[in-house]
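**Student:** One structure, as structure tokens, below. Some questions next.
What follows is calculated from the coordinates using simple rules that are stated; it is not laboratory data. If you're wondering where the values come from, they're calculated on a predicted model, not measured in any experiment. Neighbour counts are summed over all protein chains in view; Cβ atoms, including those assigned to glycine, are modelled from backbone coordinates with ideal geometry.
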Amino acid sequence: MGHRVSSWIVNRYGKWGALVSLLAVLAGLAAFGPRLTDVQQNDAASFLPSGAESTQVIETASQFADPDVVPAVVLFVREGGAQPADRQRLAAVKERLASVPGVSGDVVGPIPSADREAVQLVVPVRVDTDAGFEQLPDTVQALRDTARAGAGGAKVYVAGPLALAADQAKAFSGIDGILLVAAVSVVVVMLLLTYRSPILWIIPLFCGVLSVFAAQGVVYLLARYADLTVNGQSAGILSVLVLGAGIDYALLIVARYREELRNTEDRHEAMAHALHRAAPAVLASGSTVVVGLLCLLLAQMQATAGLGPVAAAGILVALATMLVLLPALLVVCGRWVFWPFVPRFGDPQPAEGGVWGRVGRRIARRPRTVWAVTTLVLAAFTVGLVQLDADGLTDAEQFTTEQPSIVAEEKLAEYFPGGAGTPVQVVADAAGIDRVAQALQDVQGIAPDSVTKPVVLGDVGYVEGTLEAAPDSRAAFDTIDRARDAMADVPGDPLVGGTTAINHDVQDASAADTRLIIPVVLLAVLLILGVLLRSVMAPIVLLVTVVLSFGAALGISALVFRHVLGFGGTDSSFPLYAFVFLVALGIDYNIFLMTRVREESLVHGTRRGALVGLAATGGVITSAGLVLAGTFAALGSLPIVFLAELGFAVALGVLLDTLVVRSVLVTALTLDLGRWMWWPSALFRTDGGHATSTGHAVTHHVADAAHPAEPVTGHGSPEHRA
């Protein structure tokens, strides 16, 4: 941000214009935030790639069955066998179930089990997608209560796709509010510890929360008028990401402002200097995150592709808020908001005797040994990746707590084929549908005599079959593969779909997205770092350190997931989500550090600049990392395994980046490489001096890193200005 622009934002009169105008815009956008749930798409079709076979089946099968009608399986279990009066009871229950609000069409059954101890009724329920999925738990509970009222002592369970969707809807219910409260609680504690002020923390928190609501409003407008795909998962991540990243940017700006208040008597001028120095790093950091997130647009999965612009829009809102509203509020309030530790003009900079100044001097004694040992330790942790099972989660493994639909599904599998209520669907040309039905019946894994009679409408035929295995199992996925292989030899262009096929296609598409997008994100981040640092060597070094941190974080996470938390595995999209957030956010701290190191290296040389940069930024970057880690850890408050795992992995990775990679590894590498870190830029040739006509540098008389006892003073310090 140019000095003229930053001066305009925070001068004596411009600050009021910036404050009022941006507050009005953000408040206007925030008014749309509560309506975000109205445009969320949580149905299976909104997650799938448009070209997937199961997606095509959904579109074609809608001619035969309303896609908004979802089956529920009401299961009655009476150990010891049916009683004489059960037939009459079931007839009455069937009639009452048909009258439950939302039930659409005929209730199928009763269908007895082979041992006559269980009976199922298949209840078709219309889901009002315009009203959202929040009504599903009430609908399922109404089915359960109605069935129990006439069960005559038999145990009643509600299974099937509708019951699972209801439990998922309940788990995601209020996700935005729950996450925001959890994240805000973490942020409040961290800001109080960081600033040790009863007042100052309120301003960054106000800006952070306002940016969350405004971001939700922006995303609502994009979903409403630009056809952006938003679901409960991406909406929850949006809140955490915007608050965490926004507070990070605020911490950096406030820290630089506090520095300048000690160097400049007028607070307006101090903030102008602070923005001029800090804004490039904040903008570069935010741009890196935005570009990394927009790479998700390349994904086949619509849910993944939708997350990219959703989260990127949130980051842009956070940038605008923290670069304009926050500085304006701070200069309006004045120095007193820092009470009781008010920075006065002429006060010494505290970086010299700080923790990170001492850490830097210790690293400077043997930088090569430090980075070599640190690299080996991180590399050792990456071995844990062999324990990362990213082949997808079963229905039971999706939740951190026991769910009624899962219990019911397990009970249903005891008495009926595993795929009961979740059929395999096949559509084909009408002329060949009989051969398709026969081929489906011959597929290993399809229950004997379970294939329905073909139905024909116009030139399209439709047939269903029942899986022997549980619909979310690896065995069921293998059956889908065999069915598709069998259909390849049948004329009529048959397509295989259904819930199991949908989940199978999701896993395959997610794995393909991971293979494609990770290299693209790495290249994009590398180019941004190259432009920012005007170097070839530094971006490569920084990117390698972040990738190493990512591998270590995932390795440790995999071990914790399996051996501590007892999770059954991870979703197939987990590695991609974790990578994008960890690399895009992890590189932030390297940007914060290395832009300051480069600034100091222009004056003091690289080795001295590395120590000054670490001492000056260590505290604020550590605080920023703890805030971001805490906000992502708030995802663990939800009973969704994928979000809990993502929150844990990102929080751990951010802590590794903050406390180990940035502070130890990058600093040690910079000290060891020296001016080569800036190759082939002009700084490589001068390294703190002024290049002569022959290209050699005339160096300043500043202390080298090998002499750590001398004071560390920053580029903006009184000593340097003198």
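**Student:** Calculate one ³J(HN,Hα) per residue across region 288-300 by plugging θ = phi - 60° into the Karplus curve 6.51 cos²θ - 1.76 cosθ + 1.60, and present them in order as whole Hz with x for glycine and proline.
**Tutor:** 3J(HN,Hα) across region 288-300, in whole Hz: 5, 5, 4, 5, x, 5, 5, 4, 5, 4, 6, 5, 6.
**Student:** Looking at the P(r) of region 487-541, how many percent of alpha-carbon pairs lie beyond 18 Å?
**Tutor:** Details: 901 of 1485 pairs.
Cα-Cα pairs of region 487-541 separated by over 18 Å account for 61 percent.
**Student:** Take the Cα of V383, step 7 Å along the line toward its Cβ, and report every residue of region 552-574 whose backbone nitrogen sits under 13 Å from that point.
**Tutor:** Label zone hits: 556.
**Student:** Can you tell me the length gained on complete extension of the stretch F345 to I199, counting 0.36 nm per residue apart and subtracting the Cα distance?
**Tutor:** Values: separation 146, 0.36 × 146 = 52.56 nm, distance 2.05 nm.
Result: 50.5 nm gained on full extension.
**Student:** Please compute the length gained on full extension between D68 and D429, using 0.36 nm multiplied by the number of residues separating them and subtracting their Cα-Cα distance. Walk me through the numbers on the way to the answer.
**Tutor:** Numbers: separation 361, 0.36 × 361 = 129.96 nm, distance 2.37 nm.
127.6 nm is the gain from fully extending D68 to D429.
**Student:** Place a +1 charge on the Cβ of each Lys and Arg in region 324-456 and a -1 charge on the Cβ of each Asp and Glu, then give the dipole magnitude about the Cα centre in debye, rounded to the nearest 20.
**Tutor:** Taking the Cα centre of region 324-456 as origin, the dipole is about 1800 debye.
**Student:** Distances longer than 22 Å among the Cα atoms of region 423-497: what percent of all pairs is that?
**Tutor:** Looking at region 423-497, the distances longer than 22 Å represent 14 percent of pairs.
**Student:** Can you tell me the 0 to 90 degree angle between the C-alpha axis of helix 641-656 and the longest principal axis of the chain, rounded to 10?
**Tutor:** Result, in degrees: 20.
**Student:** Using the alpha-carbon atoms, what tilt in degrees (0 to 90, nearest 10) does helix 499-533 show relative to the longest principal axis of the chain?
**Tutor:** It works out to around 10 degrees.
**Student:** Here's something else I'd like to know. Convex hull volume of the Cα atoms in region 68-171, per residue, in Å³?
**Tutor:** Details: hull volume 9.2 nm³, N = 104.
Dividing the Cα hull volume of region 68-171 by its residue count gives 89 Å³.
**Student:** Using θ = phi - 60° and the Karplus form 6.51 cos²θ - 1.76 cosθ + 1.60, what ³J(HN,Hα) does each residue of region 32-40 get, whole Hz, x for Gly and Pro?
**Tutor:** Listing the rounded values in order: 8, x, x, 8, 4, 5, 5, 10, 6 Hz.
**Student:** For D493 and A114, what is the calculated FRET efficiency with R₀ set at 25 Å and r taken between the beta-carbons, to the nearest 0.05?
**Tutor:** 0.10
**Student:** In what sequence, highest mean first, do 398-409, 659-670, 568-579 appear when ranked by Cβ atoms within 10 angstrom?
**Tutor:** 659-670, 568-579, 398-409
**Student:** I would also like to ask the following. Would you compute, from DSSP H runs of 4+ residues alone, the mean residue ellipticity of the chain at 222 nm, taking -39500 (n - 2.57) per run and dividing by the full residue count, rounded to the nearest 500? Each step should come with its number before you reach the end.
**Tutor:** Working: 26 runs with 423 residues, N = 722.
Mean residue ellipticity at 222 nm (helix-derived): -19500 deg cm²/dmol.
**Student:** Next up: If you place +1 on the Cβ of every Lys and Arg, -1 on the Cβ of every Asp and Glu, and leave all else neutral, what size is the dipole of the chain about its Cα centre, to the nearest 20 Debye?
**Tutor:** Here the chain has a charge dipole of around 3920 debye.
**Student:** Sticking with this one: What nm distance separates the two modelled labels at R362 and C333, each placed 7 Å from Cα along Cα→Cβ?
**Tutor:** My value for the distance between the label points is 3.4 nm.
**Student:** Right, something else. So for the chain, taking the charge dipole from beta-carbon charges (+1 Lys/Arg, -1 Asp/Glu), which of C207, S663, A511 sits furthest toward the positive end?
**Tutor:** Farthest towards the positive pole: S663.
**Student:** Only Cα pairs under 8 Å and at least 6 apart count here; give the relative contact order of region 423-497 as a rounded whole percent. List each step's numbers first, then the result.
**Tutor:** Working: 143 pairs, mean separation 31.5, N = 75.
Contact order relative to length: 42 percent.
**Student:** If you take all C-alpha pairs in the chain, what percent of them are over 33 Å apart?
**Tutor:** Here the long-distance tail beyond 33 Å is 55 percent of all Cα pairs in the chain.
**Student:** Which distance in nm do the two modelled labels at R515 and Q88 give, with both placed 7 Å along the Cα-to-Cβ direction?
**Tutor:** Each label point lies 7 Å from its Cα, and together they span 6.3 nm.
**Student:** For D459 and D391 in one chain, what is 0.36 nm times their gap in residues minus the Cα-Cα distance, to one decimal in nm?
**Tutor:** This chain segment gains 20.7 nm when fully extended.
**Student:** Once Rh for region 312-382 is found with the Kirkwood sum over Cα pairs, what is the Stokes-Einstein diffusion coefficient at 4 °C and 1.567 mPa s, in µm²/s?
**Tutor:** Here the translational diffusion coefficient equals 77 µm²/s.
**Student:** Now for a separate question. I need to check one value: relative contact order of the chain, counting alpha carbon pairs closer than 8 Å and at least 6 residues apart, in percent. Write down the numbers at each step before the final one.
**Tutor:** Working: 1346 pairs, mean separation 124.6, N = 722.
This gives 17 percent for the chain.
**Student:** Same structure again: If R₀ is 56 angstrom, what is the calculated FRET efficiency for the pair A372 and Y13, using the beta carbon separation as r and rounding to 0.05?
**Tutor:** Taking R0 as 56 Å, the efficiency between A372 and Y13 is 0.50.
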